Each structure stands twice: as structure tokens, then as C-alpha cells.
1. Which condition breaks for residue 137 when tested against (1) in a loop (DSSP other than H, G, I, E, B); (2) in contact with a Ser or Thr (Cβ under 9 Å, 6 or more places away or on another chain)?
2. Among the residues of the stretch 119-137, which ones are surrounded by fewer than 19 Cβ atoms within 10 Å (Cβ to Cβ), at pLDDT below 85 and in contact with a helix residue (DSSP H, G or I) (Cβ under 7 Å, 6 or more places away or on another chain)?
3. Looking only at the stretch 84-113, which residues are loosely packed, with under 15 Cβ neighbours inside 10 Å and part of a helix (DSSP H, G or I)?
Amino acid sequence: MTTQNSNKPVSGSLDLNRLERDVLIRLLSQAAVFWKPIKVFQDAKETINEVIFELKVDEAEFYLVRRKPTDAKAVCLSPRELAIARLIAQGLPNKTISSTLEISPCTVSTYLRRIFGKLGVSSRAAMVARLMQDNVLQS
């Protein structure tokens, strides 16, 4: 992650209890969709990986890494499905998404079921995790 005024990575040390760690991980996962990488490297499988966040917590180092999609895992979402997925990744409820996109909440639910089916997932969190893994949510 970089600061808004520079391209330097944000880093730091934190002393967190378990609940704070869980909250931090959830927030980082939701926000990571929109972060630019601070490191890029190539692994043996020839997929490009991007480190988008580094953090040191209680002497342990954590990295939030995003992989580029491979052809075998490519996800084909319609433009509307992608718009809904991006809003869900921001943590918005169906009612807010429906207001934002000027569609009914039932239509949002229908799109959500279609997205779940395409991805083979059964929850919003799993959907966001899969789309982040495949680097689909990036603008």
C-alpha cells in the first residue's frame, strides 16, 4: 500500500490482541482490492504475484499478496456483475448497492446468485476472496 502523497509503501509495527488482528485482517482484505502493488515478482509457475501490503505484528511479518489470473482460472463477469462485485467488496449491503446502481434489491440478489454460481462460492467473503485471488476487482 502506498500513501496518497508518495509511492513509498506504508509499513509499521503493531501490538494487537486476537480480536483486533481479526478485525485488521478483515479490513485489509476488503481494502486490498483497490491497492496498487509495492512489489512484483514471478514464481516458478510463471504467474505474477504482487505484494500489496507488508505488516509486522508482534515480531511476525505478514504480506498481503495478490496473484494475476491464469487462463485456466479466468472469470468472465458481465459489466453489471463486476460493478456489483466491486460494491460488495467495499462491504456495502444489497439495499445500498441497489440505490447506487438504481436497480431493485431483488435484482442485486439475482446478480449475486449468478456471480456465486460462476465462481463456485456460497458467501460474499468467498466471492471477494476468489475475485481478489484472480485479480479481477482491480480497476
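The values are calculated or read from the model by the stated rules, or taken from the named source; none is laboratory data. Worth saying up front: this structure is predicted, and the values here are computed from it rather than measured. Note: ideal-geometry Cβ built from the backbone for every residue, glycine included; neighbour counts use all protein chains shown.
1. That leaves (2) as the condition not met.
2. Selection gives 134 alone.
3. Matches in the stretch 84-113: 95, 96, 99, 100, 105, 106, 109, 110, 113.
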